[in-house]
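Q: First the structure, then my questions, so here it is.
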Amino acid sequence: KLLKLENKIDDKLQMLQSLLITLLDSDLKAKLNDFFHVKKSITFEFVSLLDNIKNFDEVLEAMNYVDYETFADDLITKYENTKSDYILYALYNYKQNYLCCLSILEKNKHYKQLHENLVKNLDKIDDSDLFIDYFVVISNNLEEVNDVLVKKVSKLITKNNKIIKVLLSDLRDEGVKYELLNTINDVSDLDDEIIEIIADCYVMKVENYFIKDSVVHEKYTLFLKNYKDNNAID
């Protein structure tokens, strides 16, 4: 009956939230006819209003009033069809489907939350290629990357040096790039293409530091001249 009066209600979301709290009363469940369908109607109406909120944390907090155990699967079926990422994120979070959560965050360019979720669920990601992709996205869009992620990439490189090809091609953060390069202890088993990429990276680093910086370049040139004079090198 209250739902039919929605035009007279100032804060419909707050009203539905209060109803969901009221429906937690076990005595009410015994007294109310067709309790399940009443609760389902209120729940779905409540969630539909949340679809207007474009904030992952805010929707996640509001969804705490939803009976996930009873309605999560039905809600996922509905909102997967409408591609409602903010609601799906809360539902997948409840289902502990962290890969879907990560995918939604990357799609919506919420890199800070993507970073936090990746660190939090690091042990649940078995696909090394997928992890590397997320690492590159985070590194290219945030100023700092958690050391835990860098250490995992370093471990992956020691197991498979070919990963460095992806990192060197796609990473824009020079600091992270050279930190990872330093983890390569043996280049003897690397193919020529990877060796060439690594060499190009270090040549570029030398050019940027010793040549493009005029002050450093002047000191570097003077050092070379003194070295040649002291060692009688023409």
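The values are calculated or read from the model by the stated rules, or taken from the named source; none is laboratory data. Keep in mind that this is a model prediction, so the values were computed, not measured. FYI the Cβ positions are ideal-geometry reconstructions off the backbone, even for glycines, and counts take in every protein chain you see. Areas reflect the complete protein model, heavy atoms only, side chains present, ligands, DNA and RNA absent. Shrake-Rupley method; radii C 1.70, N 1.55, O 1.52, S 1.80 Å.
Q: Report, to the nearest 10°, how far helix 68-82 tilts away from the longest principal axis of the Cα atoms in the chain, using its own Cα long axis and a range of 0 to 90°.
A: With both axes taken from Cα atoms, the answer is about 70 degrees.
Q: Right, next: Going down the list 54/155; 120/159; 109/151, which pairs span over 30 Å between their C-alpha atoms? Walk me through the numbers before you get to the answer.
A: On the way: 54/155 37 Å; 120/159 23 Å; 109/151 24 Å.
Over 30 Å Cα-Cα: 54/155.
Q: If you plug each phi of the stretch 174-184 into the Karplus form 6.51 cos²θ - 1.76 cosθ + 1.60 with θ = phi - 60°, what whole-Hz ³J(HN,Hα) values come out, in order, with x for Gly and Pro?
A: Ordered by residue, 3J(HN,Hα) equals 5, x, 5, 4, 6, 5, 6, 4, 5, 7, 7 Hz.
Q: Follow-up question, since we're still on this one. Calculated FRET efficiency, residue 24 and residue 74, Cβ-Cβ r, R0 22 Å, to nearest 0.05? Don't jump to the answer; show the numbers that get you there.
A: Details: r = 19 Å, r/R0 = 0.87.
Efficiency, from the Cβ-Cβ distance: 0.70.
Q: What's the FRET efficiency of residue 208 with residue 120 using the Cβ-Cβ distance as r and R₀ = 41 Å, to the nearest 0.05?
A: 0.70
Q: Can you tell me the orientation of helix 85-94 relative to the chain, as the angle in degrees between its alpha-carbon axis and the longest Cα principal axis, to the nearest 10?
A: Its long axis makes an angle of about 90 degrees.
Q: Based on the Kirkwood radius over alpha-carbon pairs, what is the Stokes-Einstein translational diffusion coefficient of the stretch 83-153 at 4 °C with 1.567 mPa s viscosity, in µm²/s?
A: Taking Rh from Cα pairs, D becomes 106 µm²/s.
Q: Accessible area per residue for the chain in Å², computed with a 1.4 Å probe and the full protein assembly in place, what is it?
A: Result: 64 Å² of accessible area for each residue.
Q: Tally up the carbon and sulfur contribution to the accessible surface of the stretch 118-182 as a whole percent, 1.4 Å probe, everything protein left in place.
A: 44
Q: Give me a comma-separated list of calculated 3J(HN,Hα) values for the stretch 161-167, in order, Karplus coefficients 6.51, -1.76, 1.60 applied at θ = phi - 60°, integers in Hz, x for any Gly or Pro.
A: For the stretch 161-167, the Karplus-derived couplings read 5, 5, 4, 4, 4, 5, 5 Hz, x marking Gly and Pro.
Q: If packing is taken as the average number of other Cβ atoms within 10 Å across a peptide's residues, how do 68-77, 87-96 rank, most packed first?
A: 87-96, 68-77
Q: Roughly what angle does helix 111-120 make with the longest principal axis of the chain, taking Cα atoms, 0 to 90 degrees, to the nearest 10?
A: Long axis of 111-120 versus the principal axis of the chain: about 90 degrees.
Q: Let me ask something additional. How large is ³J(HN,Hα) for each residue in the stretch 121-133, as worked out from phi by the Karplus curve 6.51 cos²θ - 1.76 cosθ + 1.60 (θ = phi - 60°), to whole Hz, x for Gly and Pro?
A: 10, 4, 6, 9, 9, 8, 7, 5, 5, 5, 4, 4, 4
Q: If you don't mind, another one. Considering amide H positions built from the backbone, and no H for Pro or chain starts, which residues 5 or more places from residue 51, or on another chain, come under 5 Å of its amide H?
A: Under 5 Å from the amide H of residue 51: no residue qualifies.
Q: If each of residue 174 and residue 112 carries a label point 7 Å out from its Cα toward its Cβ, how far apart are those two points in nm?
A: Spacing of the two 7 Å Cα→Cβ label points: 2.7 nm.
Q: Further, regarding this structure: On full extension of the chain, what length is gained from residue 11 through residue 160, given 0.36 nm per residue of separation minus the C-alpha to C-alpha distance?
A: Taking residue 11 through residue 160 to full extension adds about 48.0 nm, to one decimal.
Q: Let me ask something else. Any aspartates and glutamates with Cα under 18 Å of the residue 177 Cα? List them, leaving off those in the same chain fewer than 8 positions away.
A: 129, 133, 143, 144, 147, 186, 193, 196, 200, 207
Q: According to the square roots a ≥ b ≥ c of the eigenvalues of the Cα gyration tensor, what is the shape class of the stretch 67-187, taking rounded for a/c under 1.5, prolate for a/b larger than b/c otherwise, and oblate for the remainder?
A: Details: a/c = 2.93, a/b = 2.37, b/c = 1.24.
Prolate shape, in that a/c is at least 1.5 and a/b is the bigger ratio.
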